[in-house]
Amino acid sequence: MEIDDKENPNPNATNSPTQTTVQIAPVESPIPLIPTAITPPIAPIPVLPPPPSSIPRPLAPLPSIRPPNGDAAKTTNENADSDEEGDESGPEYEISEESRLFREKQEKAKQDFLMKQRAAALAVPTNDKAVRSRLRRLGEPVTLFGEREMERRDRLRMLMAKLDSEGQSERLMKILEEEEAAMNAAGMDDGGYEVEGEAIQYPFYTEGSTALLKARYEIAKDSVVKAAMRLKRARRKRNDPDEDEDAEINWALENAKTFSLDCSEIGDDRPLSGCSFSSDGKFLATCSITGVAKIWSMPEIKLMSSLKGHTERATDVTFSPTNNHIATASADRTAKLWNTKGTLLHTFKGHLDRLARVAFHPLGKYLGTTSFDKTWRLWDTETGEELLLQEGHSRSVYGIAFHPDGSLAASCGLDALTRVWDIRTGRSILALEGHVKPVLGVSFSPNGYHLATGGEDNTCRIWDLRKKRSLYTIPAHSNLISQIKFEPQEGYFLVTSSYDMTAKVWSARDFKPVKVLSGHEAKVTSVDVVGDGQSIATVSHDRTIKLWSSKNAEKEKAMDLD
């Protein structure tokens, strides 16, 4: 053994079986130097395994990061598997209280979202009495303190969604069967409910009168003809090489740049609230908070007659597009129809709160009014009969306008929403959301597919009815926009009035500013454009009527006189 120690100085040689075989060979052979000479190249071979053993060394401390829970002996492969599993390795780490609360909050928000998504897919009655009946069958309070109809319906929807998520769909089906049995027992085959002995028709709708049906037929027939003419004119402008629409727009905008103050007149003793040109541009009607409307001759602005009859302030005035009849709206909850001589023709009563705006249908036979009772109504100007009471806004309805074809109506209100209605069917076909504050003015473009709105957020939005979205937002004024009007002939420009004491003209092609009409000393409440687009009238709280005319129009008139 001493000879072996001397011949094999490597202490690791005794640990490897390869080196042990080499040590036995010299004992039997008389030449011990030959294996020792071979040993140096063989000895480094067992030394090579340490590099692989050095590779996992950085991975070995990983289990020590985890708390001592008996799992520290897991291998690297198990760690990799646990990392891939993700959520299964989560409990192995210590979670702070803040993280736990955040996870609970996130999970609750997720469940609430799923609950709302499930609730949105459920069919819930729209009739309030039917909602109360179903709540009673579910064993829930029929109504809560201060609860309104829509809130009660939403509560029923969430209760049904909760029962559905808890697996109590059989209970819901049983309640529906009971309701159906109650309907059959009452002999109602058209889908009604019976609550406390009272028959309720469902689905809920308002039955229209025969006069409304005839009006819808007439409006539909006339709108088809006007739409065909409008499309024919648009195709001619597009395909006719002699028609240069860009040149026409450029001429109209250059003409609009020359608008200047032509005349200013005191309109009343109190602030003015509305103005409107007649269809031929020969008359201008104004109204004030005294409740009196006045008719002025154009262009010299001479008083012709006064329309007295309202007991409260007048809020708006407008001329009929087919004749010289004038409609006025007032805070006394009525609208009145007059002729140019000041004779009262009809009084339209029915609104439950003060009126805001009034507008004639293109046929001239129908009148639309908006009110703070959250409705707008359609009246027959020949009979004075109320044809339509239209709900749909959650807050007061302020502005109204009719499509040039007569097929559509647009209403806007203090709920920051603009709705487009199909008068021929009575349906709300568009809900235009974009304004962040009440919308006060709305106007259709003569091209048939652009709609402009303005409101308390100081912006004017242009909507494309074909794409059903906002096309452009104009940061128009530094204060709320009180009224907005398109040029009525071709719609090449639009005019906005504002409480910043100015009115502005905008291009309808790229919606850039064209002209600022400044001259009023108080809030500008209303604006209107004459039929040929050559004059603009504005009224203000400074009690003045200002007429803005194009210099080019004056030159043309002078040439005609010559």
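The values are calculated or read from the model by the stated rules, or taken from the named source; none is laboratory data. Quantities reported herein were computed from a predicted structural model and do not represent experimental measurements. In this analysis, Cβ positions are derived from the backbone assuming ideal geometry, glycine residues included, and neighbour counts consider all displayed protein chains. Calculation scope for accessible area: heavy atoms of the full protein, side chains included, ligands and nucleic acids excluded. Shrake-Rupley method; radii C 1.70, N 1.55, O 1.52, S 1.80 Å.
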Inset, instruction - Take peptides 395-407, 265-277, 465-477, 419-431 and line them up by average Cβ neighbours within 10 Å, highest first, as a rough protection proxy. - result: 395-407, 265-277, 419-431, 465-477
Inset, instruction - For His310, His361, give the ranking by accessible area with the largest first, probe 1.4 Å. - result: His310, His361
Legend entry - By accessible area with a 1.4 Å probe, ligands and nucleic acids excluded, highest first: order of Thr347, Thr418, Thr383: Thr383, Thr347, Thr418
Legend entry - Under 5 Å, built H, 5+ apart or other chain: amide partners of Leu388: Leu378
Inset, instruction - Return the lysines within reach of Lys129: Cα separation strictly under 21 angstrom, same-chain partners fewer than 8 residues apart disregarded; answer none if there are no such residues. - result: Lys174
Inset, instruction - Quick one: what are the phi-derived ³J(HN,Hα) couplings along segment 436-442, Karplus 6.51/-1.76/1.60 with θ = phi - 60°, whole Hz, x for glycine and proline? - result: 9, 9, x, 9, 10, x, 8
Legend entry - Set Lys302/Lys365; Lys232/Lys349; Lys108/Lys374; Lys374/Lys512 screened for pairs whose C-alpha atoms are more than 31 Å apart: Lys232/Lys349; Lys108/Lys374; Lys374/Lys512
Inset, instruction - Kindly provide the GluC sites (Glu not before Pro) of segment 460-562 that DSSP labels as loop, not H, G, I, E or B, and whose Cβ sees at most 15 other Cβ atoms within 10 Å. - result: Glu521
Legend entry - Where labels lie 7 Å past Cα in the beta-carbon direction, separation of Lys237 and Glu433 in nm: 3.3 nm
Inset, instruction - Can you bin segment 228-296 into rounded, prolate or oblate? Criterion: square roots of the alpha carbon gyration tensor eigenvalues sorted a ≥ b ≥ c, rounded for a/c under 1.5, prolate for a/b above b/c, oblate for the rest. - result: prolate
Inset, instruction - Could you tell me the accessible area of Met158 in Å² (1.4 Å probe, neighbours in place), rounded to the nearest ten? - result: 80 Å²
Inset, instruction - Could you tell me whether segment 266-389 comes out rounded, prolate or oblate from its Cα gyration tensor? Rule is a ≥ b ≥ c as square roots of the eigenvalues, rounded for a/c under 1.5, then prolate if a/b exceeds b/c, otherwise oblate. - result: oblate
Inset, instruction - Just reorder Glu487, Glu391, Glu140 by solvent-accessible area, largest first, 1.4 Å probe, all chains present. - result: Glu391, Glu140, Glu487
